[in-house]
Amino acid sequence: MDHRDGSAVLGPGGLRLRRWHEEDLPALLEAYEDPAMRRWLATQVSGADAAAGWLEAQRTGWATGTRFAFAVTEGGRDGEPLGNIVLKRPDPGNDRAEVGYWTTASARGRGVASRALTALTDWAFTEFAVQGLTRLELLHQVDNEASCRVAEKCGYALARVIPALPPDYPLDGHVHARVAPSAALIRPAGRRAEAAGTGGGRASGR
């Protein structure tokens, strides 16, 4: 089996990360009807054509090795999606990448986001260690306190605050970062992790 198939990525508490399927289109549309999704996500999905395009973009990301999106599920191999979690590597030669996620309304309050982020983080640092991946960054709007708590719970420390860019980004943003265990071991004592940008300056669409 392809080691990046996604179906074998298991998380805490019975969580399972798998690739998105065409059969997930109805669940995807339902997830994006949630007002919280419309509030927090830069990319919106409305209508069957847009949902099909979103699923195709995830397949393309896997094929090009630049974006690895997982449907977050519980139970069996084809469980109903509880959310999405993604590793974004637009430059595979870079030593850092971005992570992002969303959860459905019914999944919130159950630790799904933190468990999925833990699973993705472990997977990413393992799978891309030989390519030199040593730093993951998570971005969110400053007033998204829930995402702040998830990041900190999963070991993503606040690295810096990025200024607002109205009208698209009316408020400041937080950049949280976590370094690979191997990178942390070789970092000189007393030196803090570098607070660097992400190239694009803002999180891309989830």
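With the crude spin-label approximation of a point 7 Å out along Cα→Cβ, what separation in nm comes out for residue 126 versus residue 46?
Between residue 126 and residue 46, the label points sit 4.1 nm apart.
Go through region 135-147 residue by residue and turn each phi into a ³J(HN,Hα) via Karplus (6.51, -1.76, 1.60, θ = phi - 60°); whole Hz please, and just put x for glycine and proline.
Those phi angles translate into 8, 10, 10, 10, 10, 7, 5, 4, 8, 8, 5, 5, 5 Hz.
For region 128-173, what's the relative contact order in percent, using C-alpha pairs closer than 8 Å and at least 6 residues apart?
Rounded, it is 35 percent for region 128-173.
With contacts defined as alpha carbon pairs under 8 Å and 6 or more residues apart, what's the relative contact order of region 49-175 in percent?
Relative contact order, region 49-175: 17 percent.
Taking amide H positions as placed 1.01 Å from N in the peptide plane, with prolines and chain starts having none, which residues 5 or more places from residue 172, or on another chain, fall under 5 Å of its amide H?
The list, which skips near neighbours in sequence, is 142, 164.
Given a Förster radius of 30 Å and the C-beta distance between residue 38 and residue 157 as r, what FRET efficiency does 1/(1 + (r/R0)^6) yield to the nearest 0.05?
Calculated value: 0.55.
Highest mean first, what order results for 114-123, 141-150, 33-42 on Cβ atoms within 10 Å? Write out the running numbers ahead of the final one.
Working: 114-123: 21.8, 141-150: 16.7, 33-42: 13.5.
The peptides rank, most packed first, as 114-123, 141-150, 33-42.
How far apart, in nm, are two points set 7 Å out from the Cα along the Cα-to-Cβ line at residue 164 and at residue 22?
4.5
Could you tally the net charge around residue 13, taking each other residue with its Cβ under 13 Å from the Cβ of residue 13, Lys/Arg +1 and Asp/Glu -1?
Local charge sum for residue 13: +2.
Can you give the percent of C-alpha pairs in region 65-180 whose distance is more than 18 Å?
Value for region 65-180 (Cα pairs over 18 Å): 53 percent.
Tell me the net charge near residue 110. Cut-off is 15 Å between Cβ atoms, residue 110 excluded, with +1 for each Lys or Arg and -1 for each Asp or Glu.
Once positives and negatives cancel, what remains is +3.
Just so you know, all these numbers are worked out from the coordinates, no wet-lab data involved. If you're wondering where the values come from, they're calculated on a predicted model, not measured in any experiment. Backbone-built Cβ (ideal geometry, glycine too); neighbour counts: all protein chains shown.
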